[in-house]
Amino acid sequence: MGIKEVARAAFQPAQLPPGLEPGLYETGTFAPKSDTWPNGCHVCEVEVDPDTGAVTVADYVIVDDVGTVINPLTLEGQVHGGVAQGAGQALMEEVVYEAGSGQLLTASFMDYAIPRADTLPEPRVESSPVPTGLNPLGAKGAGEAGTVGALPAVVIAVMDALAPLGVRDLDMPASSGRVWQAIQAARQRPNPHPQPE
């Protein structure tokens with residue numbers, strides 16, 4: 001009897017022995033010899049308004065290696081979502097508690113800033129796949145690649161933009177208020193590395 005006939009018979013409860021559940025099921029587990037890791041490069045360009053501290057992400061480019069790409073459209077969607085999460089953490093997301101009571105002040109999306117469609121330009125995603133030999137598909141992780149690359153890329157871009165103003169450190173998130181305060185503090189101290197005009 002072929003598998004087609006077995007499958008057909010498995011879904012006919014009246015013809016099965018008593019107590020046997022209808023259906024044809026199979027499970028399997030694959031345990032790789034070692035973990036796989038995606039890798040890539042994220043490049044972020046930001047603009048900082050020195051009068052307000054507002055940070056605008058002007059451009060974002062990614063080249064990722066996630067091994068074999070099975071569905072390019074969903075991969076790009078995963079990377080876009082990850083970049084938005086990483087940029088959100090870098091630029092705006094912050095849990096705030098009231099100092100005296102410990103009351104959570106950012107308890108809803110009315111108070112807690114998250115990235116929106118207008119926060120970022122559409123990231124340009126390129127793929128440079130190098131399939132892994134550690135699994136039959138040659139695939140590596142993809143979901144975390146956007147977030148892991150975005151966080152340092154955005155923060156480094158902000159720090160690079162602020163360097164000519166004398167800003168040497170900045171806590172996340174790089175919100176407009178925090179960036180403005182860092183610019184004002186830098187203007188109060190002499191810059192040991194003045195930039196040529």
Worksheet item: Taking P136, is it surrounded by 15 or more Cβ atoms within 10 Å (Cβ to Cβ), on the phi < 0 side of the Ramachandran plot and either charged (D, E, K, R) or at pLDDT 90 or above (or both)?
Response: no
Worksheet item: Which residues, counting only those in segment 103-152, are over 19 Å from the mean Cα position of the chain (by Cα), free of Cβ contacts under 8 Å to residues at least 24 places away in the same chain and part of a loop (DSSP other than H, G, I, E, B)?
Response: Q103, L105, T106, A107, S108, F109, M110, D111, G133
Item to complete: Please find, within segment 161-180, the residue that is nearest to V79 (Cα to Cα) out of those that are without any contact (Cβ under 8 Å) to a residue 60 or more places away in the chain and in a helix (DSSP H, G or I).
Response: A163
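Residue-by-condition table, conditions (1) outside any helix (DSSP H, G or I); (2) among the aromatic types (F, W, Y); (3) at pLDDT below 90:
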{"site": "M1", "(1), (2), (3)": "yes, no, yes"}
{"site": "L20", "(1), (2), (3)": "yes, no, yes"}
{"site": "L24", "(1), (2), (3)": "yes, no, yes"}
{"site": "T27", "(1), (2), (3)": "yes, no, yes"}
{"site": "F30", "(1), (2), (3)": "yes, yes, yes"}
{"site": "K33", "(1), (2), (3)": "yes, no, yes"}
{"site": "W37", "(1), (2), (3)": "yes, yes, yes"}
{"site": "G40", "(1), (2), (3)": "yes, no, no"}
{"site": "C44", "(1), (2), (3)": "yes, no, no"}
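Of all residues in segment 71-95, how many are without any contact (Cβ under 8 Å) to a residue 12 or more places away in the chain and either of a type in the set (V, I, T) or assigned to a helix (DSSP H, G or I) (or both)? Steps first, please.
Residues of segment 71-95 that are without any contact (Cβ under 8 Å) to a residue 12 or more places away in the chain, as a first pass: 71, 73-74, 77.
Filter once more, so that each one left must be either of a type in the set (V, I, T) or assigned to a helix (DSSP H, G or I) (or both): 73-74, 77.
Residues flagged as without any contact (Cβ under 8 Å) to a residue 12 or more places away in the chain and either of a type in the set (V, I, T) or assigned to a helix (DSSP H, G or I) (or both) within segment 71-95 amount to 3.
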Worksheet, complete the sentence: Of the residues in segment 21-42, those that are surrounded by 10 or more Cβ atoms within 10 Å (Cβ to Cβ) and more than 30 Å from R124 (Cα to Cα) come to P22, G23, L24, P32
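The values are calculated or read from the model by the stated rules, or taken from the named source; none is laboratory data. All values derive from a computational prediction rather than experimental measurement. Neighbour counts run over all protein chains shown; Cβ positions are idealised from the backbone, glycine included.
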